[in-house]
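A short worksheet on the structure shown next.
Every number in this text was worked out from the coordinates using simple rules, so none of it is lab data. What you see is a predicted model, and the numbers here were worked out from it, not measured in a lab. No Cβ is skipped: glycine too gets one built from the backbone with ideal geometry, and neighbour counts run over all protein chains shown.
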Amino acid sequence: MNQKKKLLIIGFVWPEPNSSAAGGRMMQLISIFKQNGFEITFASAAQDSDFMVDLFEFGVIKKSIELNSSSFDNFISELNPDVVLFDRFMIEEQFGWRVIEQCPAAIRILDTEDLHCLRTARQKAFKENRKFEIMDLLSEEVAKREIASVLRCDLSLIISEFEMSILKDVFKINEELLFYLPFLVEKMIEEDLLELPLFEDRKNFVFIGNFLHEPNWNTVQYLKESIWPFLKKDFPEAVLEVYGAYPSQKVLQLHQPKNGFFIKGRAEDANEVVKNARVVLAPIRFGAGLKGKLLEAMQCGTPSVTTSIGSESMHADLPWNGFIENDPQEFAKKAISLYQDENLWKKSQKNGVSIINKCYQKDNYSTKLIDLVNELLINSENHRLHNFMGNLLQHHAYKSTMYMSKWIEAKNKN
């Protein structure tokens, strides 16, 4: 009988699929490896949270680890995983050298979540009130760290086609080190829409998003200050409900019931909230990756109005399930027409089904990923031999990370 292959996931945080798209993405990855017979351990140095998923229920072993501690070396040496998956580049920086030292044969996979350097560069350009240019990435400090992390790993999972093109064309990363893996969901048929609340049974506009994520806070601010005044002027009875985990005081201060602007905080069930809303509003002005909230809207049969950044890499060449609009006044007009015109609403709803089935089918990607991982397990030596830049970075960069970590550990003992 073949022994089960072991996967160790080192998490930035414990997964919270009801709080963020990143948590949902992590559970999708766990599901793929679990279905393919991997024994999974999820380790994190993060503190437990009230909203984290019960990993035990999913057949995953949970392990708390420490930063800058050789106790991790003992743990991973004993576990001896076949594959290690780093959740974001910061985790690879922290633990990658320890993995190489203790388990050199283990395949190292980086799940970027989204390209942090793209999000950071866009945010910086936005705050400087100028247009983002691709070349901004080349001077971005985060880019140097993130790209080094991509090069050191055997494989990086990239969530967006735009980010794939940046990595290949701007940073000249070898395609063999990258795997395009969008969000993965089940197929939908138009009949599924009949089981969802009807147009006339839904009400209100909705926005949903984790407030620890800066683009979400900025979106709500923009909605309140620039879009809502136009929308309320032409549609006085309009109501917007804003949901999101971890709202700060500045978010809560936007609550203005008299103006139809409601800050609701964490949603008990995000799916129910979106299903019962008539239109999702997401005027996102900077960010990266794919927007989980917009895919969830499609699954819930809820049309959306978003920006070109919000819809980036999300719908291939298919029409959006609503509207893509960057001008605040036009955004408000499109939102009202989508809310009031049942035929337009139903057509947009069907567009969402087409996008889900073309762009996010689990079966189209999960088998390819596992096949690639199995191939790497067999041919890792040859694969690594051809990644000279990665070897070079490992040799130099890990030395500095390693000595810094050892210094912190020694300091903590004193």
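Each Lys and Arg adds +1 at its Cβ and each Asp and Glu adds -1 at its Cβ; summed about the Cα centre, the chain shows a dipole of about 880 debye. Rg over Rh for region 280-414 works out to 1.23, both radii taken from alpha-carbon positions and Rh defined as the Kirkwood radius.
Compute the convex hull volume of the Cα atoms of region 109-192, divide it by the residue count, and report the result per residue in Å³ as a whole number. Display every interim value, and only then the final one.
Details: hull volume 10.6 nm³, N = 84.
Value for region 109-192: 126 Å³ per residue.
Summarising the overall dimensions of region 130-276 from its C-alpha atoms, the Rg and Dmax are 20.4, 56 angstrom. Rounded to the nearest whole angstrom, the semi-axes of the ellipsoid equivalent to the chain, taken from the Cα gyration tensor as √(5λ), stand at 39, 23, 21, largest first. Evaluated with a Cβ-only charge set (Lys, Arg +1; Asp, Glu -1), region 288-414 carries a dipole of roughly 480 debye about its Cα centre, given to the nearest 20. What residues of region 129-151 lie in the reach of a label at Lys168, counting those whose backbone N is under 19 Å from a point 7 Å from the Cα along Cα→Cβ? Label zone hits: 134-135, 147, 150-151.
At an R0 of 60 angstrom, the distance between the Cβ atoms of Asn379 and Leu196 translates into a FRET efficiency of 0.85. Building the convex hull from the alpha-carbon atoms of region 1-59 and averaging its projection over directions returns 4.2 nm².
Residues in region 216-223 carry Karplus couplings, in order, of 5, 4, 4, 4, 5, 4, 5, 4 Hz; the curve used is 6.51 cos²θ - 1.76 cosθ + 1.60 with θ = phi - 60°, and Gly or Pro positions show x. Over the Cα atoms of region 193-276, the radius of gyration divided by the Kirkwood radius equals 0.98; this is the Rg/Rh ratio. Taking a quarter of the surface of the Cα convex hull of region 305-359 gives a mean projected area of 3.5 nm².
In terms of overall dimensions, the C-alpha atoms belonging to region 1-138 reach 60, 34, 28 Å along their principal axes, ordered largest to smallest. Remark: spin-label model distance Asn271-Asp341 equals 3.2 nm, labels positioned 7 Å along the Cα→Cβ axis.
For the chain, the mean residue ellipticity at 222 nm estimated from helices alone is -14000 deg cm²/dmol, where every DSSP H run of n ≥ 4 contributes -39500 (n - 2.57) and the total is divided by all residues, rounded to the nearest 500.
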